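Let me begin by presenting the structure, written as structure tokens, before commenting on it.
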Amino acid sequence: MAPLLMAATLVALPVAVQAASVRAVESNLSGDNERIISYRQQQHLWQTSDGGFHLLLNRGGLAPVPGLTLYSSYDGGQTWSFAQAFGNTGDKSTGDGQLVGNSLSLAYGTLDGNVMFSRLGYDSVARAWSVLGSETAFTSTQWWGQNPTLAIDDLGTVWCAFLSTSRVNSNNSNLRVVNRVGDSNLWTDPALVFGPTDRGAQRSARLLRMPGGMGMVWTVRETTYWSLRSRPCNTAAARIKPRFYAHFTSTESLEKRYW
């Protein structure tokens, strides 16, 4: 037993030293929203090639720029400057993004329950962001969309997963996925619903780009699942009307019922 204890001690020491070296620095960022940065399945911070950090946060109702905003820092995060605002967002709006080069793709929820998709371009000389395009990824008179995540597959198809809640009965919620093929601005709802439609919004999803397809980690209350969409062939029909297959799931009944 002694060698095992010694090994555990040696492994733990560097972790403790590293943790002690972390120093918190107060920034000038502020907001009156408890969800100023949400959630763990969403990505909110990116670094461009010029060393700048860029943060998507929710300022709540704090004037002069409430709701979802993008801020940038060029001194390691000590001071931040306003870069971009996202209209029609409120204290419940959250977003997720992916940075590729100087192009940032964002999905976020709006005040009226839509899911938006925006593309932003970054100018490293001017240190400025500009909106290249903005589209409605999901809108429904029956369902309210929120807490989206996104990923882009190797064919350029943008996938967006989000929590949807019934506008008629707020006790009914589920997870949905929509997609946008290539450079088009047409979003398709392939009627992909993950998990049961029932009471409780304690569920989330994280899309992950996989070789030859798309994966998703998703939760319903205390249970976590993994789903994989394999692309059977390189055709427009396969990309527009995909099928997701359960790779594994911790609940056999859900696998049989929903896959």
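The values are calculated or read from the model by the stated rules, or taken from the named source; none is laboratory data. All figures in this text were calculated on a predicted structure; none of them were measured in a lab. Positions of Cβ are backbone-derived with ideal geometry, glycine not excepted, and every protein chain shown enters the neighbour counts. All accessible areas refer to the heavy atoms of the entire protein, side chains included, with ligands and DNA or RNA removed. Shrake-Rupley method; radii C 1.70, N 1.55, O 1.52, S 1.80 Å.
How large, in percent, is the carbon and sulfur part of the accessible surface of segment 117-168 at a probe radius of 1.4 Å? Please list the in-between numbers first.
Values: 1050 of 2070 Å².
That share works out to 51 percent.
Given labels modelled 7 Å from the Cα in the Cβ direction, how far is it in nm from Val193 to Val217?
With each label placed 7 Å out from Cα toward Cβ, I get 2.7 nm.
Counting only C-alpha contacts under 8 Å and six or more residues apart, can you give the relative contact order of segment 45-186 as a whole percent?
14
Relative contact order of segment 129-176, please, whole-number percent, based on alpha carbon pairs below 8 angstrom and at least 6 residues apart.
Values: 59 pairs, mean separation 14.0, N = 48.
With pairs under 8 Å counted, the relative contact order is 29 percent.
Relative contact order (percent) for segment 175-232, with alpha-carbon contacts under 8 angstrom and 6 or more residues of separation?
Relative contact order, segment 175-232: 23 percent.
At 7 Å along the Cα-to-beta-carbon direction for both Gln202 and Ser30, put a label point, then send me their distance in nm to one decimal.
Here the answer is 3.6 nm between the modelled labels.
Pop a pseudo-label 7 angstrom from the Cα along the beta-carbon direction at both Ile152 and Ala63 and give the gap in nm to one decimal.
3.8
Pop the C-beta distance of Ser81 and Trp226 into the FRET formula with R0 = 30 Å and round what comes out to the nearest 0.05.
Working: r = 40 Å, r/R0 = 1.32.
Result of the calculation: an efficiency of 0.15.
Please work out the average accessible area per residue across segment 47-112, using the 1.4 Å probe convention, and give it in Å².
About 38 Å² of surface per residue is accessible.
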